[in-house]
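What follows is a single structure, written as structure tokens, with notes after it.
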Amino acid sequence: MHAQLGTLMKTVVASGRLRTWLPEMPAWLDHQTAIGLTFAVKTFAAALLALYIAFWAGLDDPRWSFLTVFIVSQPDSGLVLAKSFYRILGTIAGLLVSIALVFGLAQYGELFVAALAVWVCFCSFAARAVRSFASYGFQLAGYTVAIVGIPAALAPTGAYDLLLARFTEISLGIICAALVSRLILVRDLSPKLIELVVALARRAESFAALLLDPHADSKHVTAERTELAKAYLDIQAMQQSTYFESAEARIVDQPLRSLTQAAVELCTMAAAVASHRGDSPARPEEKASLSVGTSPANKSRTGDGPIVSALVRAADERDLLLARTRLQACVEAFDRGERLPEPSFACRLWSDPVPAAIIGIRSALAVGVTSAFWFATAWPAGPIAVIVAAVVCSLLASLEQPDKISMAAAATVLIAAVPVFATQFYLMPLAVDFPSMAVALAPLLLTCGFIMAQPQIGALGMLSAVYFTFASNISNVMTYDAVAFLNSSLAILVGIAVAVVLFATFFPETPAYAGRRFRKQLFVQLAHLTSACPHGPAFRCYQRALFEQLGTTLARLKDEPKVAQECLMSALTALSAAQAIGRLKSSLGATVVTPGIAAEGSRLLARLSQTIRNPSVWKFSGRAAEARALSRHALATDQGSAEPAKIQALSGVIVGSATLGSDLMRARMILQGGSNAIPI
């Protein structure tokens, strides 16, 4: 088994291809324009295939199969499979809830809408707790009830047939999109992921050297740190998608995760070492003596400060060497096609309940406001406005500046109205069979597909395709009603307008607010880490979650460099404090530590956990003073000891408590809104 794994991983690293039996993208198609054209043709072909099968099978509303292809399609094949998987799960959950609501509350309109709003609220809340396409699955489960449940509630006698038809049509679209994506000009994510991880490992080594360079430019360090966080976020998102590509991709998944984590740990350790370096390092001879132990003869004439600084520097260099060694070992093991043995433990990402609750309530309000307008005016297109408001509030809430993105969506609808109208009322009536209809659809939908492949404006292309599908009502027997088209277009704009107003007025997530919530999460999770046992796995999970949350926050704050810088410094302080807590806990666990030191350290950690849960400036100052007092106590005990094991344990207590005291003073600055570092 190990030999087979090694051979496979060597092949992956050498060639960058995991699937050689499928048609691959030629090298000349790697240009962004060629990628967009290829994706547009593939997506259009999959949509036509789904539409043809739906026509042939006589499905109730073939446009849902057509629409689903555009929704799940992605330029990379792994993304299609991942999105399709979670879309199926979300659709099933949404249909089950739709059945319960339609058959239980269809005769009570107000209660039905209230239950729908509660369900959308719950799904929007849950979507904020997970990431990537899993979040999309929760969002889909929420607004599927609006998309499917409202029409079914308006015609309860045919509700079961309608719900079954929607599931069949959506499943058909998913299958067609997945087949075309995996059989024609396949774009695997795995080679790209391997390239990104290897690049991250190289950048981690250079970044560590940059951090420790006393002459490095601070702006360059900040920019490099930001890019590393974003690269880590991209890798995390891509790993969730490549898992669906093939069995080979799943085999190399764990070695890639180990290599990524080793790079993260090296960056974290280098940042902690850089923060601990003071203006007056210990003398070389003093540092050499402290590598063995501490004695009264070695004590500096200027006091205990240089001795503590030397101990901290020695511990930092030792841990930094271990981090570099582990990264190198992971790189060499991956090159050889081996998997390093390491304990496996489940890590959860951070989820802030306050923004999640705001998103859920906002989505529920969107459903309530548009439903009230629908009921009051008896507008035939009212259900479309309700659906659009629910979808926009659910999908765009996690993005930066959702109000501006919603306004861009409204502008896209207005601009796309002209080609959509021309396609529906001037080109499609000329079609006499399916091939001629495909020719009529080609100009608009190929353009939408090409736009979807562009990273910055892809959502606008998808929105245009969705708008056309909703407004055109493609079916076996076409009807051309300009009034219905205008009503549908107006309903879409009304739904977007309600979302824009709610995004702008109902607890808008400003950059300053996002920064405060990020710093709050640092304290909350650090409190959990302080009481966690064992500390090692908990610290590694803390690292992973913090880097992921930091990357997400920096993406939201890309236009606010000052707030982004404060979040970066806060994250570094939290990581250094977490490392200091780990050193202190592991040293206090040694049996050779005197009972007095152990009791004092345990009290400090217990009080620190309570302080972090309810932080204040004066509390942090008090805990910092206690940590420094513990460091002095341990130093005095260390200088009177001759046992090597006891000296080693006490040195760990000294280093952990000293660095913890300094980190707590920096944490006090975080509470005050600053980011100044206080060197040891």
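Summary table
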item: Pick from region 163-176, criterion hydrophobic (A, V, I, L, M, F, W, C) and surrounded by fewer than 20 Cβ atoms within 10 Å (Cβ to Cβ), ranking: nearest to Asp60 (Cα to Cα); result: Ala165
item: Any hit, region 385-395, residues being modelled with pLDDT under 90 and either surrounded by fewer than 18 Cβ atoms within 10 Å (Cβ to Cβ) or in contact with a strand residue (DSSP E or B) (Cβ under 7 Å, 6 or more places away or on another chain) (or both); result: no
item: Every residue from region 583-601 that is surrounded by 21 or more Cβ atoms within 10 Å (Cβ to Cβ) and of a type outside the set (Val, Ile, Thr); result: Arg583, Leu584, Lys585, Ser587, Leu588, Gly601
item: Flag if Ala117 is over 26 Å from Leu172 (Cα atoms), in the same structural domain as Ala442 (by TED's automatic domain parsing), modelled with pLDDT of 90 or more and assigned to a helix (DSSP H, G or I); result: yes
item: Filtered residue count, region 468-517, keeping only those that are polar (S, T, N, Q) and under 18 Å from Ala431 (Cα atoms); result: 6
item: Hits in region 493-515 (condition: among the hydrophobic types (A, V, I, L, M, F, W, C), surrounded by fewer than 19 Cβ atoms within 10 Å (Cβ to Cβ) and modelled with pLDDT of 85 or more); result: Leu493, Ala497, Val501, Ala504, Phe506, Phe507
item: Qualifying residue in region 514-521 (condition: touching a residue at least 40 places away in the same chain (Cβ under 8 Å) and outside any helix (DSSP H, G or I)); result: no
item: Qualifying position, being among the hydroxyl-bearing types (Ser, Thr, Tyr), surrounded by fewer than 20 Cβ atoms within 10 Å (Cβ to Cβ), in the same structural domain as Ala141 (by TED's automatic domain parsing) and closer than 20 Å to Ala366 by Cα, among Tyr52, Tyr108; result: Tyr108
item: Inter-residue pairs, beta-carbon under 6 Å, first surrounded by 12 or more Cβ atoms within 10 Å (Cβ to Cβ) and in region 404-418, second of a type in the set (Val, Ile, Thr) and modelled with pLDDT of 90 or more, 6+ apart; result: Ser406/Ile496; Ser406/Val500; Met407/Val500; Ala409/Ile496; Ala410/Ile496; Val413/Ile492
item: Exclusive hit being assigned by TED's automatic domain parsing to the domain that holds Gly458, small (Gly, Ala, Ser) and within 27 Å of the chain's Cα centre (by Cα), set Ser371, Ser394, Ser436; result: Ser394
item: Flag if Leu486 is closer than 20 Å to Ala411 by Cα and not small (Gly, Ala, Ser); result: yes
item: Options Phe518, Phe547; residue that is at pLDDT below 80 and buried (at least 21 other Cβ atoms within 10 Å of the Cβ); result: Phe547
item: For Val477: the one exception among (1) β-branched (Val, Ile, Thr); (2) assigned to a helix (DSSP H, G or I); (3) without any contact (Cβ under 8 Å) to a residue 40 or more places away in the chain; result: (2)
item: Filtered residue count, region 187-238, keeping only those that are touching a Lys or Arg at 6+ places or on another chain (Cβ under 9 Å) and either at positive phi or not in a helix (DSSP H, G or I) (or both); result: 3
item: Some residue of region 223-231 being in the same structural domain as Leu259 (by TED's automatic domain parsing), charged (D, E, K, R), surrounded by fewer than 18 Cβ atoms within 10 Å (Cβ to Cβ) and in contact with a Gly (Cβ under 6 Å, 6 or more places away or on another chain); result: yes
item: Residue that is among the hydroxyl-bearing types (Ser, Thr, Tyr), modelled with pLDDT of 85 or more and in a helix (DSSP H, G or I), where the choices are Thr68, Thr7; result: Thr68
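So that you can scan it fast, the table gives a plain yes or no per residue for (1) assigned to a helix (DSSP H, G or I); (2) within 30 Å of Gly149 (Cα to Cα):
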| site | (1), (2) |
| --- | --- |
| Pro383 | yes, yes |
| Ala390 | yes, yes |
| Leu399 | no, yes |
| Lys404 | yes, yes |
| Ala408 | yes, yes |
| Val432 | no, no |
| Val439 | yes, no |
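The values are calculated or read from the model by the stated rules, or taken from the named source; none is laboratory data. Keep in mind the model is a prediction, meaning the values are calculated, not measured. All Cβ positions, glycine included, derive from the backbone under ideal geometry; neighbour counts span all protein chains shown.
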